[in-house]
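The values are calculated or read from the model by the stated rules, or taken from the named source; none is laboratory data. Just so you know, these numbers come straight off a predicted model, no measurement behind them. So basically every Cβ, Gly included, is an ideal-geometry build from the backbone, and we count neighbours across all protein chains shown.
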Amino acid sequence: MKARKVIQNAYDMSPRVTLTHEERSAFIDELYLPYTHAFENHEDFLEFTKDLPRFSYPDERNGGIFIRKDIDFVIYIILAPKQDELDKIEAFAKIKDKSEKLSLISKLQRDLRKKGVKIDCFNEIKKEIKNLYEDVLEINKSETLKQKEFLSDLNTPTLEKTNKINKENKLHQSIFEDGAFSIFLKWIEINKQDKQFKSISFIFQKLKEENKLRNTTFKVLIEWTYENEFIDYENYKTLTDAGSFNSPTKILSKGRLNLYSTIIDN
């Protein structure tokens, strides 16, 4: 889930990275997604809601419309839990709790940067931010350790890893020509001296030049790269803000080309 990854990266890089209101809202929307109904046709919306209570009061559990959003001519609604929907009541309470904790994190991050903050206070705020993130993400120390081991394992392009990505995310088959995915993995492993956004820019520009990509759309490539954790949030943000990979004239340097040749020759 993309929005969760943004929160996860903010946690991993805390307190250096601060979350925007839009990023916090996107995460909450993602949590509500299993309870969200979407209608592209207004008549379908009217038919679906015709028997629903017209009003949903905060102190009632009547299953009325809890949230409604109109985005790009699509109507999204979330129905409030009914009295006997205990699982849904619990889920909504958890989402509300996470929303409040994300707001508190935002406030604490501002407090952390206030002029004249004392070191003891600074350290306490950092600790509290970390604890709140772990509550929001529902992780503990053992899970955090497992996650770090998993991310470390991603840096090794083994057959097991390739099979895992094949199983969990078939999208790469629509991106790479035969054999190109293996080149991509080897490049990620061998090119350690570059910043991630430069390394990713090079390999996609080079594979594009050699007609080894089935899909050359920047948005598709960068989202796939980020979703599969070949690039961290900071470098992902650098590229998405630019709206493209580094241009071939800037990124296809002699040093990188020589390094790339060692992959092809072997």
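All of 102, 108 fail the test of being among the aliphatic types (A, V, I, L, M), touching a residue at least 40 places away in the same chain (Cβ under 8 Å) and under 30 Å from residue 233 (Cα atoms), apart from 102. Can you find a residue in region 60-74 that is touching a helix residue (DSSP H, G or I) at 6+ places or on another chain (Cβ under 8 Å) and in contact (Cβ under 8 Å) with a residue 40 or more places away in the chain? Checking region 60-74: not a single residue is touching a helix residue (DSSP H, G or I) at 6+ places or on another chain (Cβ under 8 Å) and in contact (Cβ under 8 Å) with a residue 40 or more places away in the chain. Among the residues that make up region 118-139, is at least one of them modelled with pLDDT under 90 and within 25 Å of the chain's Cα centre (by Cα)? Yes, region 118-139 has at least one match. Pairs, please: C-beta under 8 Å, at least 6 apart or cross-chain, first residue closer than 19 Å to residue 265 by Cα and at pLDDT below 85 and in region 182-200, second outside any loop (DSSP other than H, G, I, E, B) and of a type in the set (D, E, K, R)? Short answer, once both residue conditions are applied: 191/256.
Among the residues of region 71-117, those that are within 26 Å of the chain's Cα centre (by Cα) and among the β-branched types (Val, Ile, Thr) comprise 71, 74, 75, 77, 78, 95, 105.
Specify which of the listed residues (87, 44, 70, 12) is acidic (Asp, Glu) and within 30 Å of residue 126 (Cβ to Cβ). Break it down stepwise before answering.
Values: 87 fails: within 30 Å of residue 126 (Cβ to Cβ); 44 fails: within 30 Å of residue 126 (Cβ to Cβ); 70 fails: within 30 Å of residue 126 (Cβ to Cβ).
The match here is 12.
From the list 193, 205, exactly one residue is part of a helix (DSSP H, G or I), over 17 Å from the mean Cα position of the chain (by Cα) and within 28 Å of residue 6 (Cα to Cα). Which is it?
Working: 193 fails: part of a helix (DSSP H, G or I).
Of 193, 205, the one residue that is part of a helix (DSSP H, G or I), over 17 Å from the mean Cα position of the chain (by Cα) and within 28 Å of residue 6 (Cα to Cα) is 205.
Looking at region 92-105 only, could you name the residues that are buried (at least 18 other Cβ atoms within 10 Å of the Cβ) and farther than 16 Å from residue 138 by Cα? Within region 92-105, none qualify.
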